[in-house]
1. Sort through B:M162, B:M118, B:M139, B:M144 and tell me the only one that's farther than 18 Å from A:Y125 by Cβ, within 11 Å of chain A (Cβ to nearest Cβ) and either of a type in the set (A, V, I, L, M, F, W, C) or open to solvent by 30 Å² or more (accessible area, probe 1.4 Å) (or both).
2. State all residues of region B:58-108 that are more than 11 Å from every other protein chain (Cβ to nearest Cβ), aliphatic (A, V, I, L, M) and either without any contact (Cβ under 8 Å) to a residue 24 or more places away in the chain or out of contact with any Cys (no Cβ under 6 Å at 6 or more places or on another chain) (or both); if no residue qualifies, say none.
3. Which of the residues that make up region A:121-136 are open to solvent by less than 70 Å² (accessible area, probe 1.4 Å) and either closer than 23 Å to A:Y41 by Cβ or in contact with a Pro (Cβ under 8 Å, 6 or more places away or on another chain) (or both)?
4. So which residues in region B:1-12 are under 17 Å from B:V89 (Cα atoms) and open to solvent by 50 Å² or more (accessible area, probe 1.4 Å), if there are any at all?
5. Could you tell me whether any residue of region A:124-132 is over 13 Å from the mean Cα position of the chain (by Cα) and either assigned to a strand (DSSP E or B) or over 20 Å from B:A97 (Cα atoms) (or both)?
6. Do you know which residues across region A:165-180 are open to solvent by 50 Å² or more (accessible area, probe 1.4 Å) and more than 22 Å from the chain's Cα centre (by Cα)?
7. Scan region A:78-99 residue by residue and report those that are buried (at least 24 other Cβ atoms within 10 Å of the Cβ) and part of a loop (DSSP other than H, G, I, E, B).
8. In region A:184-213, which residues are surrounded by 22 or more Cβ atoms within 10 Å (Cβ to Cβ), facing chain B (nearest Cβ under 7 Å) and not in a helix (DSSP H, G or I)?
Number of protein chains: 2
Amino acid sequence: MGQKLALVDIADEWIEGLLGDECAIEHLTFGADLTNLEYHYYEHVALHNLIPAAIEAEKNGADGLLLGCFYDPGLRELRELLQMPVVGVGEATLHTAATLCAGKFSVIVGRNKWIPKMADNARSYGLETRIASWRSLEMSVAQMDDRERAYEAIIREAKVAMEVDRTEVICLGCTGLTGLARRAQQELGIPVLDPVAIGLKVLEFRAELWRLQGVSHSSGSRYFCGSLFWASKPKQAANT
Amino acid sequence: MGQKLALVDIADEWIEGLLGDECAIEHLTFGADLTNLEYHYYEHVALHNLIPAAIEAEKNGADGLLLGCFYDPGLRELRELLQMPVVGVGEATLHTAATLCAGKFSVIVGRNKWIPKMADNARSYGLETRIASWRSLEMSVAQMDDRERAYEAIIREAKVAMEVDRTEVICLGCTGLTGLARRAQQELGIPVLDPVAIGLKVLEFRAELWRLQGVSHSSGSRYFCGSLFWASKPKQAANT
């Protein structure tokens, strides 16, 4: 569809086959010196790195931006600053999971430390009542490079979520787990969502909705940007 | 993407420009003798009409099905019966609205009578806390043919929703209102969602996710179909 998409920390090999060939990809990053965003402080630094590049991407004609971290870091700040759709893999995956079951779904994260922030997000998205459980692999992002160990831990936690929490859909709650969903789904027999795949497809849909219908996030309340102190005001009025 | 999509009561002129050219469309209907689904009884009859055609569409290779009514009639029954994604314009629009604001959104319906059923749906989708208000045009589906009157009523109710309910996104809660969103958005200055446009884009995304990753609704709890009395079991095990 000739879209130009800005992707933050989404590796080329993760995209394969998910987006149309005509799609132009611009790669942004939270910062090459950061290997993970497991700490609030790292997240702060990462967002500070990202903001100027994200504004530049919109000025250069990007149709939408995807944040490649399940924390959805910067979702709020960037929606204040940008007019194009800003999609977080976390928000996209949680809403998709909610449409895939009538009961509840679980999120498998790397470490317990991640859960409070992600649960805060889920609450603010309005999806708290749909979540059966948060379960942790007790693995850092770096440790997920051991794919077999990560896969086995996913299966272990997912089985507990199914048996104990009665979960009906599993969300992989870290982009570091991308590529393992399909095999896990085969083994578990319930949908397993890959946050990168969901994020990319939702971004594509949202960018098109933006192009076709002019629909992006509302500048009401939280994303209001009328009195931002920026010298150049990158975001137009919502009714353009 | 070469998709084959089954659309229930979505008129050809509503699709224009929203789906790729390679997309094959199969039109299904809730029943030509029904001019609206404003009554629980009509909805029952409509679903009874639709079920055999929907099963046939899946057998003939459809990649997904869209229910063109904001009530999402048959969403549950068809998810029991079908393996392909079943998307309701109501569910798709409400979840999209939730990602477009940090505050709350409103749904504009035809008549007060529609609200309890749609509010029940929103509760079961888990989105109750995100809804600022339900507002009614006090127009039947047939009366919506008077486009100017429908448009003016949308603006009237949306303005009240914005001023009184502090709404940040407007959902048009009837496919009979399709085509009016963009103009209303220009006038109101907040996102206005066309349920047909959102439904079609979400269907496309979900059908692709199904093809690429084998992800459809979970057969856990409500959509469990293991002991359905159907002679032919149209739905395979979820882990195929």
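The values are calculated or read from the model by the stated rules, or taken from the named source; none is laboratory data. Keep in mind that what you see is a predicted model, and the values were worked out from it rather than measured. Note that we place each Cβ from the backbone using ideal geometry, even for glycine, and neighbour counts take in every protein chain shown. Remember, those area values only see protein heavy atoms, side chains included, never the ligands or the DNA or RNA. Shrake-Rupley method; radii C 1.70, N 1.55, O 1.52, S 1.80 Å.
1. One residue alone meets the criteria, B:M162.
2. Result: B:A62, B:L65, B:L66, B:L67, B:L78, B:L81, B:L82, B:M84, B:V89, B:I108.
3. Passing the criteria: A:N121, A:A122, A:S124, A:W134, A:S136.
4. B:D9, B:D12
5. Taking every residue of region A:124-132 in turn, at least one turns out to be over 13 Å from the mean Cα position of the chain (by Cα) and either assigned to a strand (DSSP E or B) or over 20 Å from B:A97 (Cα atoms) (or both).
6. We begin by selecting, within region A:165-180, every residue open to solvent by 50 Å² or more (accessible area, probe 1.4 Å); these are A:166, A:179.
A:R166, the sole residue that qualifies.
7. Passing the criteria: A:L82, A:M84, A:P85.
8. A:I190, A:P191, A:L193, A:D194, listed by residue number.
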